[in-house]
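Everything on this sheet refers to the single structure shown next.
The values are calculated or read from the model by the stated rules, or taken from the named source; none is laboratory data. All values derive from a computational prediction rather than experimental measurement. Note that each Cβ is placed from the backbone with ideal geometry, even for glycine, and that neighbours are counted across all protein chains shown. Ligands, DNA and RNA are stripped out before the accessible areas are found, and what is left, the full protein with its side chains, is counted by its heavy atoms. Shrake-Rupley method; radii C 1.70, N 1.55, O 1.52, S 1.80 Å.
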There are 2 protein chains.
Amino acid sequence: MKIDFNEAVALLKSRDNILILTHRNPDGDTLGSGFALLRALRDMGKRARLINADPIPKKFSFLCDGIVEEDFAEEFVVSVDVAERKLLGESLSEKYGERVNLAIDHHETSRLFAEKTYCESDSASCCEIVYLLIKAMDTPVTKEIADCIYTGCSTDTGCFKYSNVTPRTHRIAAELIEAGADHSRINVRMFETKAMGDFMLQKMCLDTLEIFGEGKVAVISVTKDMLDECGVDKSALDAIKPITRQIEGVEIGITLKEERDGVIGVSVRTGESCDASAICAHFGGGGHMRAAGCEVKGTMEEALEKIKKYIIEEII
Amino acid sequence: MKIDFNEAVALLKSRDNILILTHRNPDGDTLGSGFALLRALRDMGKRARLINADPIPKKFSFLCDGIVEEDFAEEFVVSVDVAERKLLGESLSEKYGERVNLAIDHHETSRLFAEKTYCESDSASCCEIVYLLIKAMDTPVTKEIADCIYTGCSTDTGCFKYSNVTPRTHRIAAELIEAGADHSRINVRMFETKAMGDFMLQKMCLDTLEIFGEGKVAVISVTKDMLDECGVDKSALDAIKPITRQIEGVEIGITLKEERDGVIGVSVRTGESCDASAICAHFGGGGHMRAAGCEVKGTMEEALEKIKKYIIEEII
């Protein structure tokens with residue numbers, strides 16, 4: 001059942017012994033929302049704890065600085081930034097999937113899996129919503145809360161770069177800085193710091209760049225050896241995948257990666273003229289309009305040839 | 001002579017036939033400031049024109065969309081985002097350097113070279129100041145003006161990422177979006193699109209990367225030949241300069257560029273532990289705490305040696 005803002009505030013104020021759940025592969029928005037809410041609830045004298053299906057990436061570890069774990073039987077379960085049950089991750093979904101009392105979310109695809117859902121799909125981040133809820137609960141926005149909220153606002157908007165940013169996003173950012181959010185340090189941590197290995201990988205990847213289709217298609221190829229040589233794991237590819245599409249004129253950006261013997265993982269990013277999920281569907285994969293993936297059998301060269309042929313003959 | 005905000009407003013309102021000067025190698029802030037001011041002055045029924053020492057980079061061409069050139073004998077000369085006379089560029093400095101009536105600026109190193117200077121050194125961009133001046137002149141902030149101001153706010157802060165961002169910066173961004181600024185399209189153009197030449201330059205620059213000072217200093221060296229080979233001009237360096245500082249552990253990021261025969265241009269970007277302007281001041285340059293520049297005589301190797309020696313002996 002959907003509820004409105006005031007109902008969400010009243011609900012949070014009236015409950016205690018609260019368990020907060022984030023989504024699997026937690027990012028800045030789900031963690032920022034969760035830890036900000038946890039801090040606010042504890043400041044209000046309530047008991048609250050947070051659990052994740054997956055470990056918290058190192059870059060987000062500061063969000064829970066100073067939070068001491070508390071154990072108690074939960075009486076109220078809140079999810080933040082979780083659009084559907086399975087996104088809790090397998091273990092949490094099984095244990096709590098049917099027992100979420102309040103889902104706070106900003107996804108258009110929100111599935112209303114919880115008893116009650118407060119969702120603002122035009123909010124740039126879930127943290128924006130949590131910020132307004134905290135203010136409405138009349139508990140102070142401490143520096144620590146401001147840091148958490150700012151992290152979600154910033155990471156979910158590519159640091160205020162994307163089209164989801166609204167005037168409200170900026171006004172909240174202004175208030176967070178006034179509340180003490182360490183904005184530039186957070187941004188350096190989120191956006192401006194590349195481990196040497198990631199940096200070297202980028203350098204090596206650029207050397208593999210191939211352009212075809214009259215400049216409309218760009219491909220980068222990443223071998224296992226490259227990852228090994230740079231001492232990074234495949235999560236380092238997150239920073240590589242957007243590169244091809246950023247080249248002026250490129251409509252289809254492809255990153256190939258040796259997945260396992262004889263299988264090449266393919267990531268496709270597209271501009272407004274092509275549907276990445278359609279390209280990947282042809283090879284048995286899927287995803288979103290602008291970002292999708294699939295696997296192709298063969299060597300790197302064979303995979304590239306298959307994709308090249310299909311794109312040149314059918315897409316461009 | 002320094003003047004205050006109200007004096008600057010009164011001055012701009014009282015004058016006509018206004019020539020606006022930007023700094024050499026024009027960037028988003030000087031051009032955004034200049035064209036926003038030009039548009040506002042013309043909307044107020046005045047005559048205004050803008051000249052640059054160097055061509056406007058293609059990525060900023062939209063800032064002057066729809067502006068028809070006007071020729072008239074200037075009666076009042078305004079510079080925007082120009083900290084000292086020589087930054088007007090050689091030709092403009094010679095012609096107008098002694099005749100600037102009002103300098104609007106935000107550099108700490110502002111030299112007060114004009115008859116009157118309105119400088120807010122804690123403003124993240126010159127565009128922020130121009131925005132407030134335009135509002136105070138009681139002329140509407142049109143969509144076109146909002147686009148110009150947003151561009152400067154965004155480019156001078158790395159899209160709201162740097163420590164120069166204040167609550168005011170975000171509140172102004174909110175107002176600009178409400179005034180119609182095409183924020184996400186501007187950001188794609190500024191931050192997410194790389195011309196092929198820029199892309200190739202980045203690839204070549206990464207090959208010159210040198211790290212010293214126990215990983216705290218990183219240097220990239222750019223020759224004239226590299227620029228020629230990539231078919232780009234020196235404005236392409238704007239995207240190169242931040243790269244070195246992004247490597248984890250690097251506190252001082254340096255970009256060297258063959259400026260002219262026997263002169264190397266040096267751009268310095270620093271983390272929180274070092275003052276870029278102090279380093280550059282040692283070599284006769286200047287700038288901001290986190291980003292500054294200077295010129296060093298000699299070959300690329302000689303310049304690098306001089307800087308290396310100074311940094312190792314005095315800074316780190």
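Here are a few things to note about the model shown:
- Positions within the range B:54-66 being assigned to a loop (DSSP other than H, G, I, E, B) and open to solvent by 40 Å² or more (accessible area, probe 1.4 Å), in sequence order: B:Asp54, B:Pro55, B:Ile56, B:Asp65, B:Gly66
- Residues (in a loop (DSSP other than H, G, I, E, B), farther than 22 Å from A:Gly28 by Cβ, out of contact with any Asp or Glu (no Cβ under 8 Å at 6 or more places or on another chain) and open to solvent by 10 Å² or more (accessible area, probe 1.4 Å)) located in the range A:74-112: A:Glu74, A:Glu98, A:Arg99, A:Leu112
- Subset of the range B:258-269 [surrounded by fewer than 24 Cβ atoms within 10 Å (Cβ to Cβ) and of a type outside the set (A, V, I, L, M)]: B:Glu258, B:Glu259, B:Arg260, B:Asp261, B:Gly262, B:Gly265
- Check on B:Ser163, modelled with pLDDT under 95 and under 30 Å from A:Asp156 (Cα atoms): yes
- Some residue of the range A:214-228 being outside the structural domain of A:Leu12 (by TED's automatic domain parsing) and more than 29 Å from B:Thr208 (Cβ to Cβ): yes
- Those residues of the range B:174-197 which are over 20 Å from A:Phe191 (Cα atoms) and among the aliphatic types (A, V, I, L, M), in sequence order: B:Ala174, B:Leu176, B:Ile177, B:Ala179, B:Ala181, B:Ala195, B:Met196
- The numbered conditions (1) assigned to a loop (DSSP other than H, G, I, E, B); (2) among the basic types (Lys, Arg); (3) more than 9 Å from chain A (Cβ to nearest Cβ) are all true for B:Lys135 except (1).
- Restricted to the range A:113-126, and to residues there that are closer than 19 Å to A:Asn164 by Cα and of a type in the set (Gly, Ala, Ser), the residue that is most open to solvent (accessible area, probe 1.4 Å) is A:Ser121.
Matching residues to (1) in contact with a strand residue (DSSP E or B) (Cβ under 9 Å, 6 or more places away or on another chain); (2) at the interface with chain A (Cβ under 8 Å from one of its Cβ atoms):
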position: B:Phe160; (1), (2): no, yes
position: B:Arg189; (1), (2): no, no
position: B:Glu192; (1), (2): no, yes
position: B:Cys205; (1), (2): yes, no
position: B:Ile243; (1), (2): yes, no
position: B:Glu248; (1), (2): yes, yes
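- Test: residue in the range B:127-135 that is within 24 Å of A:Asp156 (Cα to Cα), in the same structural domain as B:Ala53 (by TED's automatic domain parsing) and either open to solvent by 50 Å² or more (accessible area, probe 1.4 Å) or in contact with a strand residue (DSSP E or B) (Cβ under 8 Å, 6 or more places away or on another chain) (or both): no
- The residue list B:Asp29, B:Asp16, B:Asp43, B:Asp54 contains one member that is in contact (Cβ under 8 Å) with a residue 12 or more places away in the chain and in contact with an Asp or Glu (Cβ under 6 Å, 6 or more places away or on another chain), which is B:Asp29.
- Summed over the range A:74-98, residues that are closer than 25 Å to A:Tyr131 by Cα and of a type in the set (Ser, Thr, Tyr) total 2.
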